[in-house]
Amino acid sequence: MAKFHYRESPTEKQKNSFKRYLSEDEELVLVTGFSRAYIRSKFLFNVLFPGMLFLALGLGAGWFFNLDKFLSLGLGMTGMFLVALVRTLHAYHANRYLLTTRRVVIKKGVFGVKLTAALFDKITHLEVDQGIVDRLLLHHGTIIVNTAGLNKGEIVLKFVDYPLELKNLLERLINREREQFGLRGATLTEVEGEIIA
C-alpha cells in the first residue's frame, strides 16, 4: 500500500490560528505550505544572499574596530545564519494553503495578510505542474486551481509536497461538497479514511 502524506488533521493550534479566515459554516481540513525541500533550498539561497553580505559586514567591522579575526569571523557567520534563518522562517509562515470543507484558501503574509480563495463549486478543473527533478528528487510541484470567474480565473499553490496526492485530496473534497450542496450544516467527518476533521 502506498504511503499517503496528507493524513494529519489540523492541530488545535492551527485551528485556532486560522479560525478568523473561515466562515461560520466551514471547517478546516488541511493546512500546508511550501515543501520541505523548497524551504531547505530557500535557506541555502538565503545563506548565500544576503547572508554573505552579513559575513562581509562582520569581517569589515572586525577590521575597522581592530577585533580579533576569529571574533569578527564568528560575528559575521552568526549574522549570516541568523538572517538566513529569519528570512526562511518568514517565507514558511507567510505562505500557507488552507483546505476547508467548502473552499481552498491561499494566505500570504504574516503582518499584512492577503487572502485568495476559491469556492469548490466555482472550481472548473485542477492541473499539476511538476518537472522531472521536482517529481523524482524534491517531491514537490505546483497545483493550478482553475475557476469560473471574471478576473484571473486561476489560483496557484506553489511548491507543495506531493502535489498529485494533494490534487486527489482536493478533488475528493470538491466532490463531497458538491454531493452535499443542499445540506448546509453537514460536517466533514472523513474523506476515504485519510483525514478526519
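Things to note:
- Rounded to whole numbers, the Karplus 3J(HN,Hα) couplings from phi for the stretch 20-32 are 5, 8, 9, 7, 5, 9, 9, 10, 6, 9, 8, 10, 9 Hz, using 6.51 cos²θ - 1.76 cosθ + 1.60 with θ = phi - 60°, and x at Gly and Pro.
- Taking the Kirkwood radius as Rh and the Cα radius of gyration as Rg, the stretch 40-90 has a ratio of Rg/Rh equal to 1.06.
- Close amide-amide hydrogen proximity is noted between residue 27 and 101, 102, each under 5 Å apart and 5 or more residues distant or on a separate chain (H modeled in the peptide plane; Pro and chain starts excluded).
- Per-residue [θ]222 nm for the chain (sum of -39500 (n - 2.57) over DSSP H runs n ≥ 4, rounded to 500): -12500 deg cm²/dmol
- Value of relative contact order over the stretch 1-152, rounded to a whole percent, pairs C-alpha under 8 Å and six or more apart: 19 percent
- Rounded to the nearest whole Hz, the Karplus-based 3J(HN,Hα) values (6.51 cos²θ - 1.76 cosθ + 1.60, θ = phi - 60°) of the stretch 105-114 follow the sequence 10, 10, 10, 10, x, 10, 8, x, 10, 10, with x at glycine and proline.
- Placing +1 on each Lys and Arg Cβ and -1 on each Asp and Glu Cβ, with no other charges, gives the chain a dipole about its Cα centre of roughly 540 debye.
- Panel order for 65, 4, by other beta carbons found within 10 Å of each beta carbon, from fewest to most: 65, 4.
- Among the listed pairs 15/122; 13/108; 122/167, those beyond 22 Å (Cα-Cα): 15/122
- For 42, 114, 108, order by how many other beta-carbon atoms lie within 10 Å, fewest first: 114, 108, 42
Since every read-out is calculated from the coordinates, none of them should be taken as a lab result. For clarity, every value in this text was computed on a predicted model and none was experimentally measured. For neighbour counting, all protein chains shown are included, and Cβ atoms are generated from backbone atoms with ideal geometry for every residue, glycine included.
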